[in-house]
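Right, one structure below, let's go through it.
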Amino acid sequence: MTSHRPAAVIIMAAGQGTRMKSATPKVLHSLGGRSLVGHAVAAARELEPEHLVVVVGTGRELVEAHLAAIDPDVRTAVQEQQLGTGDAVRSGLTAVPDLDGAVVVTSGDVPLLQAQTLRELVAEHDASGNAVTVLTARVPDPTGYGRIIPGENGSVAGIVEHKDATPEQRQIDEINAGIYVFDAATLRDGLTRITTDNAQGELYLTDVLAIAKSDGKRVGAFVTDDAMQTEGVNDRVQLAALRAEMNRRTLDRLMRAGVTVVDPSTTWIDDTVELEADVTLLPNTQLHGATTAAAGATIGPDTTLTDVQVGANATIIRTHGSGAIIGASASVGPFAYLRPGTVLGESGKIGTFVETKNANIGVGAKVPHLTYAGDATIGDGANIGAGTIFANYDGVTKAHTTVGKHAFVGSDSVLVAPRVIGDGAYVAAGSTVTDDVKPGEIAVARGRQRNIAGWVARRRAGTKTAKAAAEAIEKESRP
């Protein structure tokens, strides 16, 4: 068991999010590679709580399905009506047994909140012997936030919501971040005693703090010096602002760890991406999902990769890729499209205007130009000529083609699957291959060329081509 491990974390994620003006529940909008609620779950999970509960409401079927996909061990509780934060937490407690210890309450729309801040909050709660500890921040414009009313010896006398605050209280710049740690018994008792006697007619969770204070219990605060961690998302303008801030922080972290980012203003990297030192990112690059890159790789410009593994010293230029593996010292692009299942071996090449899918391309193999390679295995050292098509689909089923080691497929060829081109075999340019080619053979599958003398003079008389041909023939006939 880790130090300061809470008994439970409850994430409030039931709000309607009407200002998003979206059919998608607010907490499912994404930034930095995760949904809003996904960021909250990831931060909470690092605390290793005994129980992790997300309170759902609006669009709960969608939210529950999403939670099951990203963290199957999360429990959910339903807030049937949005009656306030107190009602949300009361709903959350129904999903867990009677608890002893600390209960952390967070929000599903505060994506920059870090696990380390939550750990420090819980540690302060334990060290000070508080019944309740609230996360706070000092901001230049506290409009709309609940204000922290200071008490004796650094304690909190109370929290007043902006709409309920007096003009004097509205001058206070220390605000409630909506993130708390409660002693479980204090929380359960307080939730039975709160009322809707306020301007909003809601059950305020902050009233539990007032009840604890009136019972003689200590309520404290932990002030974060990073106020951006407390910023929530209520509309798409705020979502865009926090998306940009998260990206800025991600790039800052990567650059300080040894990654070169040539143009941070045009580079977008998900928080879930992992890059080693000495990776270089060129302008207009986006890396998403579980993308990784090893030392010495250069990615970009104008490249978007999702869930792609990039090997050491590989180079990817003007490429769109997803679900692919790129080997060490391999090169991709420009203008390549790597679809899921693409595996490019060490020192291999996928070149200009090449599309691949479910294609395993061996060590040192080359697919340099204008090719579609789908459902294919291409052996080590093989060379696929320009304009080659792996015809893998007959309208009903898809079939596989294997090209052997050091085989050579000539330009403008069609390999009609299922086919096997043996090791060291050749396919002549312009061939349509419908039979297997054994090792060491050459396949020639094209019409025989026939040159018809005098055709232009007879069939194109009077044209520029006829004139040019006649002049050339006359010139060739001169002694």
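For Asp307, state whether it is at pLDDT 95 or above and on the phi > 0 side of the Ramachandran plot. So Asp307 fits the description; yes.
Only strands (runs of 3 or more DSSP E) whose full extent lies in segment 72-186 are considered here, and the ones with at least 2 residues that are farther than 22 Å from Ala227 by Cβ are 75-78, 102-107, 174-183. Of all residues in segment 20-54, exactly one satisfies the criterion of being charged (D, E, K, R) and either within 18 Å of Ala88 (Cβ to Cβ) or open to solvent by less than 40 Å² (accessible area, probe 1.4 Å) (or both), namely Lys26. Criterion applied to Gly216, Gly190 was being among the small types (Gly, Ala, Ser), part of a helix (DSSP H, G or I) and within 30 Å of Asp100 (Cα to Cα), and the one residue passing it is Gly190.
Of all the criteria given as (1) more than 27 Å from Glu274 (Cβ to Cβ); (2) of a type outside the set (A, V, I, L, M); (3) open to solvent by less than 20 Å² (accessible area, probe 1.4 Å), the one not satisfied by Thr356 is (1).
Quick one: would you say Ala65 is open to solvent by 10 Å² or more (accessible area, probe 1.4 Å) and among the aliphatic types (A, V, I, L, M)?
yes
Evaluation of Ala123 against the conditions (1) surrounded by fewer than 18 Cβ atoms within 10 Å (Cβ to Cβ); (2) within 29 Å of the chain's Cα centre (by Cα); (3) at pLDDT 95 or above shows that the sole unmet condition is (2). The residues of segment 418-448 that are free of Cβ contacts under 8 Å to residues at least 24 places away in the same chain and in contact with a Pro (Cβ under 8 Å, 6 or more places away or on another chain), listed by number, are Gly422, Gly424, Ala425.
Listed residues Ala127, Ala68, Ala115, Ala95; which is touching a residue at least 40 places away in the same chain (Cβ under 8 Å), farther than 22 Å from Met246 by Cα and not basic (Lys, Arg)? The conditions single out Ala95. Consider Thr397 carefully, then state whether it is surrounded by fewer than 24 Cβ atoms within 10 Å (Cβ to Cβ) and without any contact (Cβ under 8 Å) to a residue 12 or more places away in the chain. Answer is yes for this residue. Assigned to a loop (DSSP other than H, G, I, E, B), hydrophobic (A, V, I, L, M, F, W, C) and buried (at least 17 other Cβ atoms within 10 Å of the Cβ): is that true of Ala386 in this structure? Answer is yes for this residue.
You will find that of Asp235, Asp270, Asp252, the residue that is of a type in the set (Asp, Glu) and open to solvent by 50 Å² or more (accessible area, probe 1.4 Å) is Asp252 and no other. Scanning segment 20-58 for residues being closer than 18 Å to Pro72 by Cα and either of a type outside the set (Ser, Thr, Tyr) or touching a strand residue (DSSP E or B) at 6+ places or on another chain (Cβ under 9 Å) (or both) gives a total of 24.
Checking each residue in segment 280-297 for being part of a loop (DSSP other than H, G, I, E, B), of a type outside the set (Gly, Ala, Ser) and either surrounded by 24 or more Cβ atoms within 10 Å (Cβ to Cβ) or at pLDDT below 95 (or both) picks out only Thr291.
Pairs linking a residue in segment 213-227 that is over 15 Å from Tyr180 (Cα atoms) and open to solvent by less than 70 Å² (accessible area, probe 1.4 Å) to a residue that is at pLDDT below 95 and in a loop (DSSP other than H, G, I, E, B), with Cβ atoms under 7 Å and 6 or more positions apart or on different chains, are Ala227/Val139. Apart from one condition, Lys163 fits all of (1) within 35 Å of the chain's Cα centre (by Cα); (2) basic (Lys, Arg); (3) at pLDDT below 90; the exception is (1). Consider segment 298-313 and keep the residues that are open to solvent by less than 40 Å² (accessible area, probe 1.4 Å) and in a loop (DSSP other than H, G, I, E, B). The one that is farthest from Ala359 (Cα to Cα) is Pro301.
The residue pairs whose first member lies in segment 264-278 and is outside any loop (DSSP other than H, G, I, E, B), whose second member is open to solvent by less than 40 Å² (accessible area, probe 1.4 Å) and small (Gly, Ala, Ser), and whose beta carbons are closer than 6 Å, counting only pairs six or more residues apart or on different chains, are Leu275/Ala293. Applying the condition of being of a type in the set (Gly, Ala, Ser) and crowded, with 16+ Cβ neighbours inside 10 Å to segment 430-456 and asking which residue is nearest to His406 (Cα to Cα) yields Ala443. Residue check: Lys163 meets all listed conditions (1) surrounded by fewer than 22 Cβ atoms within 10 Å (Cβ to Cβ); (2) touching a residue at least 24 places away in the same chain (Cβ under 8 Å); (3) under 27 Å from Gln116 (Cα atoms) but one, namely (3). So, Ser477, is that one buried (at least 17 other Cβ atoms within 10 Å of the Cβ) and on the phi < 0 side of the Ramachandran plot or not? No, not satisfied.
The values are calculated or read from the model by the stated rules, or taken from the named source; none is laboratory data. Bear in mind the structure is a predicted one, so any value in this text is a computation, not a measurement. Glycine also receives a Cβ, built like all others from the backbone with ideal geometry; neighbour counts cover every protein chain displayed. SASA here: full protein model, heavy atoms, side chains in, ligands and nucleic acids out. Shrake-Rupley method; radii C 1.70, N 1.55, O 1.52, S 1.80 Å.
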